[in-house]
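Trainee: First the structure, which I've put down as structure tokens, then a few questions once you've had a look.
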Amino acid sequence: GNSVTQMEGPVTLSEEAFLTINCTYTATGYPSLFWYVQYPGEGLQLLLKATKADDKGSNKGFEATYRKETTSFHLEKGSVQVSDSAVYFCALRGNTGGFKTIFGAGTRLFVKA
Amino acid sequence: EAQVTQNPRYLITVTGKKLTVTCSQNMNHEYMSWYRQDPGLGLRQIYYSMNVEVTDKGDVPEGYKVSRKEKRNFPLILESPSPNQTSLYFCASSLSGGVNTGELFFGEGSRLTVL
């Protein structure tokens, strides 16, 4: 079945550092890929998405590229801010099995001033 | 404002006492789903609904029931709660079940404790 694996956290960075959170997936067919962010005490919200191979999703300085050859969708940001502290979830939505969205375990990011 | 609303946000109950967590969305979405979030496990799907009167099991449906009598509402029912159902629950919706319209909109979560 489909699955998502993302790097364990927590990740602690200083402000203005470069961020990478790794995400790899296993899926049949051509899933859509997503990054969701969860700020403390809130529900998840979409950060960015990509619906086909080689697409790049971007939002708020974050980027991720859909790499079918390596089955990856790594999240990057060139310069993190304290306000980026949150939990980040990689997810895929397949085209089988009721179009279920499957989430990784989440990676907690702490950014220090 | 487009939103998914869950109630209650916080609940402490005792084993065996039936409870319902309500979920309502105002975006005319066809697809709705319930997830539970547990430390180290991410989000796991409990049930989902592709449209009115169409529901199906997710990965962890045991101990839960749902219904979808109206498009906007998708309540989660725990007939006889047990301590292993202590968790943070999220309701989510999307425009349809199609893979390319798949971004989910989440409620703020309902933290349930079963003693």
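Trainee: Would you confirm whether any residue within the stretch B:32-42 is among the acidic types (Asp, Glu), within 13 Å of chain A (Cβ to nearest Cβ) and not in a strand (DSSP E or B)?
Mentor: Going through the stretch B:32-42, the residues among the acidic types (Asp, Glu) turn out to be B:38.
Still in the list and also within 13 Å of chain A (Cβ to nearest Cβ): B:38.
Remaining after also requiring not in a strand (DSSP E or B): none.
No, the conditions are met nowhere in the stretch B:32-42.
Trainee: Quick check on my filter: what residues within the stretch B:1-28 are over 11 Å from the mean Cα position of the chain (by Cα), more than 13 Å from chain A (Cβ to nearest Cβ) and not hydroxyl-bearing (Ser, Thr, Tyr)?
Mentor: Answer for the stretch B:1-28, where residues must be over 11 Å from the mean Cα position of the chain (by Cα), more than 13 Å from chain A (Cβ to nearest Cβ) and not hydroxyl-bearing (Ser, Thr, Tyr): B:GLU1, B:PRO8, B:LEU11, B:ILE12, B:VAL14, B:GLY16, B:LYS17, B:LYS18, B:LEU19, B:ASN26, B:MET27, B:ASN28.
Trainee: When the stretch A:20-67 is examined, which residues are found to be in contact with a helix residue (DSSP H, G or I) (Cβ under 9 Å, 6 or more places away or on another chain), outside any loop (DSSP other than H, G, I, E, B) and at pLDDT 95 or above?
Mentor: Across the stretch A:20-67, the qualifying residues are A:VAL37, A:PHE62.
Trainee: Only one residue in B:GLU70, B:GLU108, B:GLU62 is outside any strand (DSSP E or B), within 29 Å of A:LEU33 (Cα to Cα), among the acidic types (Asp, Glu) and more than 14 Å from every other protein chain (Cβ to nearest Cβ). Which one? Explain how you work it out, then say what you get.
Mentor: Numbers: B:GLU70 fails: within 29 Å of A:LEU33 (Cα to Cα); B:GLU108 fails: more than 14 Å from every other protein chain (Cβ to nearest Cβ).
That would be B:GLU62, the only listed residue that is outside any strand (DSSP E or B), within 29 Å of A:LEU33 (Cα to Cα), among the acidic types (Asp, Glu) and more than 14 Å from every other protein chain (Cβ to nearest Cβ).
Trainee: Among the residues of the stretch B:14-31, count how many are in a strand (DSSP E or B) and either hydrophobic (A, V, I, L, M, F, W, C) or surrounded by fewer than 21 Cβ atoms within 10 Å (Cβ to Cβ) (or both).
Mentor: Here is the first cut: in the stretch B:14-31, the residues in a strand (DSSP E or B) are B:19-25, B:31.
Applying the additional criterion that residues be either hydrophobic (A, V, I, L, M, F, W, C) or surrounded by fewer than 21 Cβ atoms within 10 Å (Cβ to Cβ) (or both) yields B:19-24.
Within the stretch B:14-31, residues that are in a strand (DSSP E or B) and either hydrophobic (A, V, I, L, M, F, W, C) or surrounded by fewer than 21 Cβ atoms within 10 Å (Cβ to Cβ) (or both) number 6.
Trainee: Continuing with this model, one more query. Look through the stretch B:73-96, keep the residues that are of a type outside the set (S, T, N, Q) and in a loop (DSSP other than H, G, I, E, B), and return whichever of them is surrounded by the most Cβ atoms within 10 Å (Cβ to Cβ).
Mentor: Looking only at the stretch B:73-96, we keep the residues that are of a type outside the set (S, T, N, Q), and these are B:74-79, B:81, B:83, B:88-92, B:95.
The next check asks that each one be in a loop (DSSP other than H, G, I, E, B); those that pass are B:74-75, B:79, B:81, B:95.
Numbers: B:PHE74: 30, B:PRO75: 18, B:GLU79: 12, B:PRO81: 22, B:LEU95: 15.
Residue satisfying both the conditions and the ranking: B:PHE74.
Trainee: Still on this structure, I have one more. Report, by residue number, each residue of the stretch A:12-66 that is without any contact (Cβ under 8 Å) to a residue 12 or more places away in the chain and acidic (Asp, Glu).
Mentor: Step one: filter the stretch A:12-66 for residues without any contact (Cβ under 8 Å) to a residue 12 or more places away in the chain, giving A:41-43, A:45, A:55-56, A:58.
Those that are without any contact (Cβ under 8 Å) to a residue 12 or more places away in the chain and acidic (Asp, Glu): A:GLU42, A:ASP55.
Trainee: Every residue in the stretch A:68-113 that is among the hydroxyl-bearing types (Ser, Thr, Tyr), within 12 Å of chain B (Cβ to nearest Cβ) and not in a strand (DSSP E or B), please.
Mentor: From the stretch A:68-113, those among the hydroxyl-bearing types (Ser, Thr, Tyr) are A:70-72, A:79, A:83, A:85, A:88, A:96, A:101, A:107; that's our starting set.
Imposing the further condition that a residue be within 12 Å of chain B (Cβ to nearest Cβ) reduces the set to A:88, A:96, A:101, A:107.
The answer is A:THR96, and nothing else.
Trainee: Looking at the stretch A:27-67 only, could you name the residues that are more than 11 Å from chain B (Cβ to nearest Cβ), under 16 Å from A:ARG93 (Cα atoms) and more than 15 Å from the chain's Cα centre (by Cα)?
Mentor: Hits for the stretch A:27-67 are A:THR28, A:ALA53.
Trainee: Taking the options A:ARG67, A:ARG108, name whichever one is within 16 Å of A:TYR25 (Cα to Cα) and of a type in the set (D, E, K, R). Show your work before the answer.
Mentor: On the way: A:ARG108 fails: within 16 Å of A:TYR25 (Cα to Cα).
Exactly one residue qualifies, and that residue is A:ARG67.
The values are calculated or read from the model by the stated rules, or taken from the named source; none is laboratory data. The structure presented is a predicted model; accordingly, all values stated were derived computationally and were not measured. With ideal geometry, Cβ positions are generated from the backbone for all residues, glycine too; neighbour counts draw on all protein chains shown.
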